């Protein structure tokens, strides 16, 4: 993250000029106006291809809706009174790019300044010449060997560094540098040619022909440590590369492999430091952690798992891998009490990485092949002191998710409010000063146990459909006359006056607690046995047959 004025100072007044100062002055990322991942809070939007007042106005409005910090437009469009006036009205930054400047060159410069100002995984370790900065030097060295633009990527197609040379850059390279990841459409192009399969299996250089949308040919050199693929060097191939240059590029890959191994050890330490700081911020409201967060408000999210028992560290690493693969380069992740925890921004469009909307969409996508995923968010935290409260709310949802009482695969504390109220009431009943053993509900529990009746379920269903006996009878799969007979007998047993509103509420809460406990027990048994039978319950509330009458239902 960098202040917009610092970015302009870094690139120089001969290239950029600030026309309008916006309300959001911190730049967290850079995006292209036409990119699918355009919606990014705190982003710097490059108006590539914007050449009219109408298009500029539309871009400013879209950028404001997604929380962008500033928009760059070429002169003289940025000075257009309608454009500058709208930027002032919206409170969004407007920066002018000199007309003779190249967008490609600006992309490289902007991305480079941002990358070198970004901390490694949220720690104090900077990408200086002893760290990631050296990878940029390696990329420049590789580019000098083949006289072509180069990117260095990891095994998941995330960009680690890129060369300054831009003479033959294509749209794919520009999108790759901007997003720090190879775009999906470009990955599909290379995958269709078997590129990634060959990368996994071979140590040999790979040549890939030109593709659609102006994608130029590529020369790809695998980067390996033994049999492990650490990454690859991608060079835009303007023509045949001599064998001696290919051999030199391969030797460079060996040097980069050693560097990547060292960086992996450093980044592991940095991630642990970030996780420790995040954990402290989530546990203690007043603890000064030095944690750097994106602009709030935030939600704390429990990344629960309803069906497996993998170790917490494994699940944190799994979620980190999934999030990085989907564009969140520095996910805010830790584990507390064995539960992976993430912090996301409350605001942001569905494609804004690191936002709640984005994570919710990711959970829906992941649940299509892993039904055990449960992403559970506490209420928004407007200050860092609110983070522990949001975490407590998120973890309170875990039990509800595991017993099927909240929407899957993602939900918020607000959406599950009614279930939270019932769960807390149930907990109070179970942990009260004295047990509620004597009472009308206990009378029905004992009667059901002794006589094989279903009065607990009957009364709970009757109250759930209070005033609608036909619906209650239909839900129980019995005739309305049978329901009337049961309710008459229940009243005789308990002496209840169900016309009393507060009494109905108390009975309903107590009954819900009992039935929830039964369902919890059944869910655990089904999970252990691996044999979940849909549509049945231990108390016999619903059956496959047309009627649930018992012997006592016959007058």
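The values are calculated or read from the model by the stated rules, or taken from the named source; none is laboratory data. Worth saying up front: this structure is predicted, and the values here are computed from it rather than measured. So basically every Cβ, Gly included, is an ideal-geometry build from the backbone, and we count neighbours across all protein chains shown.
For (1) surrounded by fewer than 17 Cβ atoms within 10 Å (Cβ to Cβ); (2) assigned by TED's automatic domain parsing to the domain that holds residue 389; (3) under 30 Å from residue 211 (Cα atoms); (4) at pLDDT 85 or above, each residue gets a yes or a no:
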{"position": "236", "(1), (2), (3), (4)": "no, no, yes, yes"}
{"position": "243", "(1), (2), (3), (4)": "yes, no, yes, yes"}
{"position": "252", "(1), (2), (3), (4)": "no, no, yes, yes"}
{"position": "258", "(1), (2), (3), (4)": "yes, no, no, yes"}
{"position": "280", "(1), (2), (3), (4)": "yes, no, no, yes"}
{"position": "291", "(1), (2), (3), (4)": "no, no, no, no"}
{"position": "303", "(1), (2), (3), (4)": "no, yes, no, yes"}
Of the residues in region 42-71, those that are in a loop (DSSP other than H, G, I, E, B), surrounded by fewer than 17 Cβ atoms within 10 Å (Cβ to Cβ) and within 27 Å of the chain's Cα centre (by Cα) number 0
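Table: residues versus (1) in a helix (DSSP H, G or I); (2) under 21 Å from residue 283 (Cβ atoms).
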| residue | (1), (2) |
| --- | --- |
| 349 | no, no |
| 357 | yes, no |
| 363 | yes, no |
| 371 | no, no |
| 376 | no, yes |
| 388 | yes, yes |
Going by what's in this entry, would residue 357 be described as touching a residue at least 60 places away in the same chain (Cβ under 8 Å) and surrounded by fewer than 19 Cβ atoms within 10 Å (Cβ to Cβ)? no
Using the structure shown, decide if residue 169 is crowded, with 19+ Cβ neighbours inside 10 Å, closer than 24 Å to residue 47 by Cβ and at pLDDT below 90. yes
Just for region 328-347: of the residues that are touching a residue at least 40 places away in the same chain (Cβ under 8 Å) and assigned to a loop (DSSP other than H, G, I, E, B), which one is farthest from the chain's Cα centre (by Cα)? 337
Restricting to region 431-465, name every residue that is surrounded by fewer than 12 Cβ atoms within 10 Å (Cβ to Cβ), at negative phi and either modelled with pLDDT under 90 or not in a helix (DSSP H, G or I) (or both). 431, 432, 433, 434, 435, 437, 438
Apart from one, (1) surrounded by 18 or more Cβ atoms within 10 Å (Cβ to Cβ); (2) more than 19 Å from residue 147 (Cβ to Cβ) all hold for residue 219; the odd one out is (2)
Got at least one residue in region 125-148 being at pLDDT 60 or above, outside the structural domain of residue 11 (by TED's automatic domain parsing) and not in a helix (DSSP H, G or I)? yes
